[in-house]
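Here is the structure we will look at, set down as structure tokens.
Where a number appears in this text, it was derived from the coordinates with a stated rule and is not lab data. Keep in mind it's a predicted model, so treat the numbers as computed, not measured. Neighbour counts are summed over all protein chains in view; Cβ atoms, including those assigned to glycine, are modelled from backbone coordinates with ideal geometry.
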Amino acid sequence: MADLVMPVATRSTWREQAPLYLAGAAAATSVVSIAGSEILLALAFVAVLAARDKWRWPPVVWPVALWMGWTLVSLAASGHARGGLPQVRKFYVYLMLFVVYSTLRSLKDVRILVISWAAGAGLSSLWGFGQFIHKYLTTPRYFYYAYENERITGFVDHWMTFSSLIMLALMMLGALLLFSRERKWFWWLTAAATVISVALLLAHTRSMWLGAAAGAVWLLWFKKRWLVIAVPVLAAIVLLVNPFEVRERTLAALRPQPGVLDASAHRSTLRRAGWEMIKAHPLVGVGPEQVGPQFMDYLPADIPRPIPSEWYYQHLHNIYFHFAAERGLPALAALLWVFGQSLLDFSRALRRLQSGSEARWILHGAIAAIIAILVSGWGEVNVGHSQVLEMFLAVIACGYIAVDVSRSDLQKAGR
């Protein structure tokens, strides 16, 4: 099977090698450090320009361009252009998609990247274990109530960011373990997957639990369909054994507990306020960075005032309501176009590939990651965080590298 997307000259000088190494490092560090990743991304971009490599455009370039363009339209219409500039600066993050797609060319490159994500996510998870133990030892009697407001974060700044990143790493790592024929480091990677899974459980982020479960269903269904049964069985066992008070966290969504923030009512109220924003401004939204400042103006009249001080409403904890409310329905359509086209392209490539193709694990992993983001996005603005967005864009780029490999294989096979 061809390993390369296209014939390329052997990289022999530092100028030819630098773009690959810097782009790979930028993508790899996205799971542990936003500052390190963005610095490396800038260096990778400069290296690509200096090497005069051919700039490659993934098929999702048009919906990404529409997303950016409509963000600018929303910003101009909002009357709060200065306040929305952080979202314009975030356009820089999208370089990750193009830099990774332009420099990583082989399945081996992608495999090294995914192993790097596994290592980074595993180490971040181990750091999270230490945080969990410290929190438990300092508040053993009222641990559950104290922990919900200060959960483990690993190497990053927030438990939702941490959970989103390790969820993406787990999807790609799970696909590698299930579908790759290369068994080198299999047990080490299995150990990393176990550590990451436990850390995701410890983080008490229910939206990411659901996202990871949905992505796992995809992977297990295409490995052996009967394995899908393992997902509900494992969930039932975890609830029964109740490690780390997972059962309390799960049931709190259905039966809020006294003294604990009612997350269900919180999320419902945010969605209702978002819907009011969408109805009032369906085309351009209230403007980038304006959901929080204008939230009280759109809060439904039947919601008791004052709202709990613990309720965070600078964003709507839902990618569908938030981006439609913030930037308008066309912006949401552009975002869904990115997801939808990627899923369609990766699924078509899977159907073309032979069962033994090594590109299959990358495509399965990318699809599982998209599913995980879409499902968890109902409870959190996961791709609204630059660090999560960087890693997700790198995953999409890896998927399109596998698509190109599949086309190269078919051409060589004369199909």
Mean Cα-pair separation over length for the chain, i.e. relative contact order, pairs under 8 Å, 6 or more apart, %: 26
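With a/c under 1.5 counting as rounded, go ahead and sort segment 62-168 into rounded, prolate or oblate using the C-alpha gyration tensor (a ≥ b ≥ c being the square roots of the eigenvalues; past the cut-off, prolate if a/b is larger than b/c, else oblate).
On the way: a/c = 4.22, a/b = 1.37, b/c = 3.08.
Cα axes put segment 62-168 in the oblate bin.
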√(5λ) per eigenvalue of the Cα gyration tensor, the chain, largest first, Å: 35, 28, 20
Cβ crowding within 10 Å averaged over residues, with 225-238, 25-38, 141-154 ranked highest first: 25-38, 141-154, 225-238
Residue with peak Gaussian network fluctuation, the chain [Cα springs, cutoff 10 Å], from 331, 368, 191: 191
Under 14 Å, Cβ to Cβ, from residue 216 - net charge with Lys/Arg +1 and Asp/Glu -1: +3
Degrees, to the nearest 10: 359-376 long Cα axis against longest axis of the chain: 10
Where trypsin sites (Lys or Arg not before Pro) fall in DSSP loop in segment 47-132, at most 15 other Cβ within 10 Å: 52, 54, 82
Filtered trypsin sites (Lys or Arg not before Pro), segment 308-379: DSSP coil and at most 15 other beta carbons within 10 Å: none
Relative contact order computed over segment 115-191 (Cα-Cα under 8 Å; 6+ residues apart), in percent: 32
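Neighbouring Cβ atoms within 10 Å as the yardstick, rank 136, 101 fewest first.
Working: 136 13, 101 26.
Exposure proxy ranking, most exposed first: 136, 101.
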Crossing angle, helix 386-413 versus the chain [Cα axis fit, 0-90 degrees, rounded to tens]: 30
Degrees separating the helix 14-29 axis from the principal Cα axis of the chain, which is the longest one: 30
5 angstrom amide H check on residue 154, placed H, neighbours 5+ away: 128
